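Participant: What follows is a structure written as structure tokens; I'll ask about it next.
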Amino acid sequence: MDSLRTYRVGIVVATLLLVIVGWLIVKPTAEPLPPYLASSAQPSGIKAVLVLLEEKGKQVKEWRQPMRFLPTATGQAMLIVEPERLMPEEQIDILDWVSEGNDLILFDSRPEWEDLPFYTEYIREKENQERNIQGPLVQGRYMGKAETSLRFLEDDDMEPLLYDDQGILGGRTEVGDGSVTFFLVPEWLTNQKIDRLSHFEAIWPYVQGDWSVLWVDEYHHGLQEKPGFLAIYPGWLIAACIQLGILLLLYVWWRGKRFGPVYTLREWTVRRGDETLLAVSSWYERRGLAQDALRHREAYMRQLLHDRWGVHQRADRVEIMRYAKTRWTNQEVEKFAHLLERLEQAKNEGRYSPKSLLADSLLLDEITKRLEKE
């Protein structure tokens, strides 16, 4: 007995040690996510500022499709933070969308937009130093630390928005009916640095506006959602095909076209219906089993009484009639009483003829159908 107890304790201790050692060796860690993800709560994500925008009543949505599928409505904005592999043709699609009356907000440390007046130069002093940040909407003692060594050059088509003692960190330019706002400090939007120094105060005025929706580009961070197969077709063609399909369905319905047989095939009903019944009835008639057939019918009726009224299947006539009087009319009760009397007489008769079976079966059919309706 002691040896068995020792054996069990040893198994428990060994299992616990195995679990602890395994947890130490393979310690579960959070899956690393790409930087600047809108849905990432990790230090490199930008979820914090987007959640704050939603709390302020702004509508923020993620964009995971190619830029050529941008919605055609106006009064929208697109936030792109440190994109990867933004091709020239995609830049053209975005600027076409902006020119229709939308706004683009860029946070990118690598400005490579040929069609925009955002030209850069390298600073002489070291980057990543705390410096005073100023701008039209940033007044006072605001400090920031820019990791980039680039600054925008002044241009007549660009309005400076943020700058330090080394140059311009952010600016805006008009494109058609919309605008493009460009900042060289994408790290200021991250969860890790948004609350450091005066980063939040410097960029917050420029990421909120009276837009119907603020799209956040996730497509160039690897989170891609392929558009449906209908996206390659123009909208007017899809609408025309849908209308044509509806008209075709209405025409088929008007013509009364039926798909599939209207009637069940005869061999499915006759051979398994009438012929089977005739064979069984002939067998009962030749064998003289009229009373057996009547007992089967009575058993089915008593089963219905049990299912519908809760009457025991072996209940006598008095008990059955007591239940019937509370549910049926006097005429129905009289017919039921007559049937029960006939069933008792049939049990006591020495010879029960097929003619009597036919008469009693008709009465049984009437009572059975009445019970089945309850």
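Participant: Label-point separation (nm) for ALA239 and GLU349, each offset 7 Å from Cα along Cα-to-Cβ?
Facilitator: 8.0
Participant: Measure off 7 Å from each Cα along the Cα-to-Cβ vector at GLU55 and LEU137, then give the distance between these two points in nanometres to one decimal.
Facilitator: Each label point lies 7 Å from its Cα, and together they span 1.9 nm.
Participant: Sticking with this structure for a sec: Would you kindly state how much longer the chain becomes between ILE92 and ARG308 on full extension, computed as 0.36 nm times their sequence separation minus their alpha carbon distance, in nm to one decimal?
Facilitator: Gain on stretching ILE92 to ARG308: 70.1 nm.
Participant: If I stretch the segment between GLU334 and GLU121 completely, what's the gain in nm (0.36 nm per residue apart, minus their alpha carbon distance), one decimal?
Facilitator: 65.7 nm
Participant: So what is the relative contact order of the stretch 288-372, in percent, for Cα pairs below 8 Å that sit 6 or more residues apart?
Facilitator: 43
Participant: If I model a spin label at LEU250 and ASP195 as a point 7 Å from the Cα along the Cα→Cβ vector, what separation in nanometres do I get?
Facilitator: 6.1
Participant: Which far-off residues, 5 or more places away or on another chain, put their amide H under 5 Å from the one on VAL175, with H placed in the peptide plane?
Facilitator: VAL180
Participant: Sort out for me the Cα centre separation of the stretch 61-130 from the stretch 168-225, rounded to whole Å.
Facilitator: Spelled out, the Cα-based centre of one part sits 9 Å from the other.
Participant: Hey, can you rank 316-327, 301-312, 144-155, 180-191 by average C-beta count inside 10 Å, highest first?
Facilitator: For the peptides 316-327, 301-312, 144-155, 180-191, the packing ranking is 180-191, 144-155, 301-312, 316-327.
Read-outs throughout are calculated quantities, based only on the coordinates presented, and are distinct from any laboratory measurement. This structure is a prediction, so every number in the text was calculated from the model and none was measured. As a convention, Cβ positions derive from the backbone with ideal geometry for all residues, glycine included, and neighbour counts pool all protein chains shown.
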